[in-house]
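Working notes for the structure below.
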Amino acid sequence: MTMPNATLGTLLRSLLDALDPAVEAEYATLGLDFRPRFTPVVRALVQEGPMRIKDIADRTGLAHSAVSQTVSALAERDWVRLETGQDSRERIVHLTDYAHSQMPRLKQQWAATAKAAASLNRDIGMPLEQVLRDALAALEKNS
């Protein structure tokens with residue numbers, strides 16, 4: 001696909017639009033009702049345990065509103081449950097028993113996705129994830 005007049009934002013969105021459906025299709029093949037956008041939230045909960053939405057946002061680099069929307073979608077699919085924290089305004093996000101039972105299949109898909117990303121890196125001759133991290137760091141340093 002040639003996009004000679006595309007801007008950076010268009011190119012980034014196009015990249016995600018090309019990647020996400022394929023990853024989502026693989027989740028479906030495994031019988032998982034899971035979306036690529038769920039991954040950072042679930043990975044944070046796997047690594048850190050139950051957390052407030054604010055803490056998930058801090059650890060993932062996602063906006064609080066994005067995490068809140070993602071947590072709602074995960075709760076609808078029984079991947080997470082919410083409990084009230086010490087402050088009645090805060091919600092603590094927990095992985096459900098269902099989520100824990102699906103971890104082997106989910107981790108299998110994450111490994112396959114990482115393998116595909118490594119293949120893409122070889123095809124383009126550079127580590128795309130590192131390029132994006134460097135770009136974000138440069139923007140943070142010199143907005």
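What to note about this one:
- Relative contact order (percent, whole number), region 43-92, Cα cutoff 8 Å, 6+ residue spacing: 33 percent
- Springs between Cα atoms under 10 Å define the GNM used for the chain, and in it the highest mean-square fluctuation of E129, E48, E90 occurs at E129.
- T7 accessible area, 1.4 Å probe, all protein chains in place, Å² to nearest 10: 80 Å²
- In loop segments of region 1-98 as defined by DSSP, the trypsin sites (Lys or Arg not before Pro) with at most 13 further C-beta atoms inside 10 Å of their C-beta are R89.
- Across the chain, the relative contact order, built from alpha-carbon pairs under 8 Å that are at least six residues apart, equals 17 percent.
- Taking the Cα centre of the chain as reference, the dipole from Cβ charges on Lys and Arg (+1) and Asp and Glu (-1) amounts to some 140 debye.
- Efficiency of FRET between L16 and L82 - r from beta-carbon atoms, R0 41 angstrom, step 0.05: 0.90
- Top of M103, M126, M51 by mean-square fluctuation, Gaussian network on the chain, Cα under 10 Å: M126
- Förster radius 22 Å - calculated FRET efficiency between N5 and A138, Cβ distance, rounded to 0.05: 0.35
- For the pair region 89-126 / region 38-80, the C-alpha centres are spaced 13 Å from each other.
- Computing percent of Cα pairs over 28 Å apart directly from the structure and comparing it against (1) 45; (2) 27; (3) 21 singles out (2).
- Anisotropy class of region 46-100 from Cα gyration tensor, a/c 1.5 cut: rounded
- For the chain, built as a Gaussian network whose Cα springs stay under 10 Å, the top-fluctuating residue of G125, G49, G85: G125
The values are calculated or read from the model by the stated rules, or taken from the named source; none is laboratory data. This one's a predicted model, so the numbers in the text were calculated from it and none came from an experiment. A quick note on method: Cβ atoms are made from the backbone with ideal geometry, for glycine too, and the neighbour counts reach across all protein chains shown. In case anyone asks, the SASA skips ligands and DNA or RNA and just uses the protein heavy atoms, side chains included. Shrake-Rupley method; radii C 1.70, N 1.55, O 1.52, S 1.80 Å.
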